[in-house]
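First comes the structure, then the notes that go with it.
What follows is calculated from the coordinates using simple rules that are stated; it is not laboratory data. The structure displayed is predicted, hence computed values, not measured ones. Every residue, glycine as well, gets a Cβ built from its backbone with ideal geometry; the counts of neighbours run over all protein chains shown.
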Amino acid sequence: MLRLKLEPFELERIQSEWEHTVDINLTESGVEPLRIVDLIPDEKERRRVLETKLGYSQTNGTIPLRETIAGMYKDADADNVLVTNGGAEANFITIWNLLHENPDTNEIVMMLPNYMQIYGVTKGLGGSVSPYYLRMKGGEWIPDLEGLKAAISKKTAAITLCNPNNPTGATMGGDHLGAIAEIAADAGVWILSDEIYQGAELDGPMTPSIFEYHDKVLVTNSLSKSYGLPGLRLGWIITSEKPHATDLWSYSDYTSICPTMLSDMLATIALQPKMRAKILDRTSKIVRGHWAAMRKWLDARKHIFEYVAPKAAAICFPKHNLPITSLELVDRLLKEKSLLIIPGEHFGMERYLRIGFGYSEEKLNAGLARFDELIQTLK
């Protein structure tokens, strides 16, 4: 009998334990959250929301919300969509489904570095993980396509992407997505793409979705990062096969059952085209402005840090040459400077750090000053 055995989710645990108690938290990968009044500036409309009865919402998401989400993807409609409680539930449900619909395919080929939820869930559910990597090359993070081909086996259920990528902030355009889709098609496997940072680009067009590149595709997303609405805990799965959306719905019946009534309502408002454009424009301005301060600090310390500039998301992933591990470095910053950042080990990469810069620029500069104080003791 299969027994669920989950490894500690180190990234989420260190944040949960410390993010609300340290002086300065530079672990957040989103931007300063919006307020309800920002979503609903009209007082009469706010009153209508306040008069909402707090019953159960439609369990797979209301039709207006699913239609709104589907409108962001080519040739999709409401029946392609399942609404979830955050991107975390979306990823959990998809992995659970992929591993247990076919007992002969229990392997996930996973991009690294990456947010490690899919890794932990796959292992916990009795599956195996075969990695392929983004590589630093020519000032960019590039997917190792030959490594991807080599990682696929007869047991592979899906290839996973994170695009834009957490923790690097790298983006993959049509050329790379098309190549990955071709590899998946040749192997006859699904693609699962976590696209939670889509819309948080520093410059240029929005990162394309894998949805229109492959016939067997699952995309997960949420309002937590690019939209600055993590408190709504509202995510979604969109699949290229409508019957698969119905199958996934049966899995959510055993997890959170349904999104909250208010989250569904506020998400529908946030994702209307005009409001969505306004929110994402705000996000890009924050990310672009704060990155300028982050980049200035890194450039002044080129003897310590090597980095690739992020193309999206309020995160960077520099590699350091300090004489201690990233785990030791983060522990000392926490205990000696009341400063919290994330070690690269929590993304499967040693000697790297993930630094978030999307919240307060004032706290960012104060935190980097504290980092400098510790660096001086390590020379």
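Comparing Cα centroids, the stretch 327-344 and the stretch 178-221 end up 34 angstrom apart. Computed over neighbours whose Cβ is under 10 Å from that of Ile315, the net charge equals +1, Lys and Arg +1, Asp and Glu -1.
Which of the residue pairs Lys242/Lys274; Lys155/Lys242; Lys296/Lys319; Lys311/Lys337 have a Cα-Cα distance greater than 20 Å in the structure shown? Too far apart for the 20 Å limit: Lys242/Lys274; Lys155/Lys242; Lys311/Lys337. Using Cα positions and a limit of under 16 Å, work out the aspartates and glutamates in reach of Lys53, with same-chain residues fewer than 8 apart set aside. Straight-line reach from Lys53, under 16 Å: Glu45, Asp264. Toward the positive end of the charge dipole of the chain, about the Cα centre and with charges on Cβ (Lys, Arg +1; Asp, Glu -1), which of Leu125, Thr325, Thr21 goes farthest? My answer, from the dipole projection, is Thr21. Taking 7 Å steps out from each Cα toward its Cβ at Ala179 and Thr255 produces label points 3.2 nm apart. Placing R0 at 41 angstrom, the Cβ-Cβ distance between Lys285 and Thr246 gives a FRET efficiency of 0.55 after rounding to 0.05.
Counting only DSSP beta bridges with both residues in the chain, tell me the antiparallel percent, nearest 5. Display every interim value, and only then the final one.
Working: 22 of 43 bridges.
So the antiparallel bridges amount to about 50 percent of the total.
Exposure proxy for Ser153, Ser29: other Cβ atoms within 10 Å of each Cβ, ordered fewest to most, give Ser153, Ser29. Karplus-derived 3J(HN,Hα) values for the stretch 97-107, using 6.51 cos²θ - 1.76 cosθ + 1.60 with θ = phi - 60°, are 5, 5, 6, 10, 7, 10, x, 7, 10, 10, 10 Hz; glycine and proline are entered as x. What is the distance in Å between the Cα centres of the stretch 230-244 and the stretch 251-277? That distance is 9 Å.
Would you mind counting up the charge near Val219? Only other residues with Cβ under 11 Å from its Cβ, with Lys and Arg at +1 and Asp and Glu at -1. Each step should come with its number before you reach the end.
On the way: positive: none; negative: Asp194, Glu195, Glu212.
Combined, the nearby Lys, Arg, Asp and Glu give -3.
Per residue, the average separation of C-alpha pairs within less than 8 Å and at least 6 apart gives the stretch 143-269 a relative contact order of 18 percent. Taking the Cα centre of the chain as reference, the dipole from Cβ charges on Lys and Arg (+1) and Asp and Glu (-1) amounts to some 760 debye.
Arrange the following residues from fewest to most other Cβ atoms within 10 Å of their Cβ: Leu161, Leu378, Leu339. It would help to have the intermediate numbers written out before the result.
Working: Leu161 23, Leu378 12, Leu339 26.
Final ranking by Cβ density, sparse to dense: Leu378, Leu161, Leu339.
Compactness of the stretch 54-274 is given as radius of gyration and Dmax, 16.5, 54 Å, from Cα positions.
Between the C-alpha center of the stretch 27-89 and that of the stretch 90-136 there is a gap of 27 Å.
Using a Förster distance of 35 Å, how high is the FRET efficiency between Leu145 and Asp79, based on the Cβ-Cβ distance and rounded to 0.05?
Values: r = 33 Å, r/R0 = 0.95.
After rounding, the FRET efficiency stands at 0.60.
Evaluated with a Cβ-only charge set (Lys, Arg +1; Asp, Glu -1), the stretch 54-274 carries a dipole of roughly 480 debye about its Cα centre, given to the nearest 20. Dividing the summed -39500 (n - 2.57) terms of all DSSP H runs of n ≥ 4 by the residue count of the chain sets its mean residue ellipticity at 222 nm at -12500 deg cm²/dmol.
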